[in-house]
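Trainee: Structure incoming, see below.
Nothing in this text is a laboratory measurement; each read-out follows from the coordinates by a stated rule. These figures come from a predicted structure and were not determined experimentally. As a convention, Cβ positions derive from the backbone with ideal geometry for all residues, glycine included, and neighbour counts pool all protein chains shown.
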Amino acid sequence: MQKYEKLEKIGEGTYGTVFKAKNKESQEIVALKRVRLDDDDEGVPSSALREICLLKELKHRNIVRLHDVLHSDRKLTLVFEHCDQDLKKYFDSLNGEIDVEVVKSFMFQLLRGLSYCHSRNILHRDLKPQNLLINKTGELKLADFGLARAFGIPVRCYSAEVVTLWYRPPDVLFGAKLYTTSIDMWSAGCIFAELANAGRPLFPGSDVDDQLKRIFKLLGTPVEDNWPSMGQLPEFKQFPIYHPSMAFTQVVPKLSRRGRDLLQRLLQCNPGQRLSADESMAHPYFQDMSPSSKSV
Ligand code: ADP
Ligand code: MG
């Protein structure tokens, strides 16, 4: 810890407090995340430590780099690459207007980061605008990759805020325990719609029931035909049969026809039908981007 000079506090979130800090040797600015664990007196579980150390190997321009893991006195501090701000704060600065090219660029970078981690079988599981960090240069990076698996997602944050359900897919809301990359693809769809609407969340549910109801009212309640295994999920319950509501046009009025098609293919209730990150990057919506901005 003597290696870093703590500067101001940046924020508080799911696992603890984040500080801006400076590496005294290299002068590099970093973000220090002090992780609080529920059973702090037990120390950091070795399984969690192993998971975390694997995350140091994730090196990609759309993933927030984990430089270091400091473990002492049963406390855990993660040293991350520092970014200018998160997507939520960016939305707050927009005043309801966002450039369609910015939407496309951010969405592509989100998918490129997902593709990198998914190809290594690492899931995020807690994608949300606060976990998408951006730089003034227009770069977008995914933060907290793999932390959900290492520590679990608590019901409440360290800061006592309730953990958001807005980006959770129906299968997980119905209690699915087998997590696959498709969980992140649903979240990516929700974030895509929120980007296109300059920060207005697509499904701002207040509890699990309300969350599912909002989803089904827009997309239609899934039935045996399009999601045969739904009834076997641990917390499955019957919802009224809603029919797919008005065309997506009215939900994301600023998005092009191709953009709406991509969105629809991400927001599939049946996880097996959701597009993968690689498939999404190949979607015609991105066809007009320059090859150089699409390189891996
Ligand atoms: P959460 O992701 O649940 O909001 P975190 O503890 O991950 O909580 O982060 C709290 C806040 O700190 C984030 O919303 C973000 O604004 C900021 N933050 C986190 N990591 C970084 C980082 N590497 N660089 C800059 N800001 C960060
Ligand atoms: Mg975070």
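Trainee: Among the aspartates and glutamates, select those whose C-alpha is under 20 Å from the C-alpha of Lys217, and discard any that sit fewer than 8 residues away in the same chain.
Mentor: Straight-line reach from Lys217, under 20 Å: Asp171, Glu194, Asp207, Asp209, Asp225, Glu235, Asp261.
Trainee: Calculated FRET efficiency, Tyr179 and Arg61, Cβ-Cβ r, R0 35 Å, to nearest 0.05? All intermediate terms of the calculation are to be shown ahead of the outcome.
Mentor: Details: r = 26 Å, r/R0 = 0.73.
Efficiency computed from Cβ-Cβ geometry: 0.85.
Trainee: With an 8 Å cut-off on Cα pairs and a minimum separation of 6 or more residues, tell me the relative contact order of the chain in percent. Please list the in-between numbers first.
Mentor: Working: 470 pairs, mean separation 47.5, N = 296.
Relative contact order comes out at 16 percent.
Trainee: Hey, another quick one. How would you rank 259-268, 85-94, highest first, on the average number of other Cβ atoms within 10 Å across their residues?
Mentor: Details: 259-268: 20.7, 85-94: 15.2.
Ranked from most to least packed, the peptides come out as 259-268, 85-94.
Trainee: Given Cα pairs under 8 Å that are at least 6 residues apart, what percent is the relative contact order of segment 1-81? If you can, show how the numbers build up before the last one.
Mentor: Numbers: 135 pairs, mean separation 20.4, N = 81.
Relative CO of segment 1-81 lands at 25 percent.
Trainee: Before rounding to the nearest 500, sum -39500 (n - 2.57) across all DSSP H runs of length at least 4 in the chain and divide by the residue total; then give [θ] at 222 nm in deg cm²/dmol.
Mentor: Working: 9 runs with 86 residues, N = 296.
-8500 deg cm²/dmol, from helical runs alone.
Trainee: For the pairs Lys177/Lys254; Lys20/Lys177; Lys89/Lys141; Lys6/Lys89; Lys24/Lys89; Lys9/Lys89, note any where the Cα-Cα span goes beyond 25 Å. Display every interim value, and only then the final one.
Mentor: Working: Lys177/Lys254 36 Å; Lys20/Lys177 35 Å; Lys89/Lys141 14 Å; Lys6/Lys89 22 Å; Lys24/Lys89 29 Å; Lys9/Lys89 15 Å.
Violating the 25 Å limit, Cα to Cα: Lys177/Lys254; Lys20/Lys177; Lys24/Lys89.
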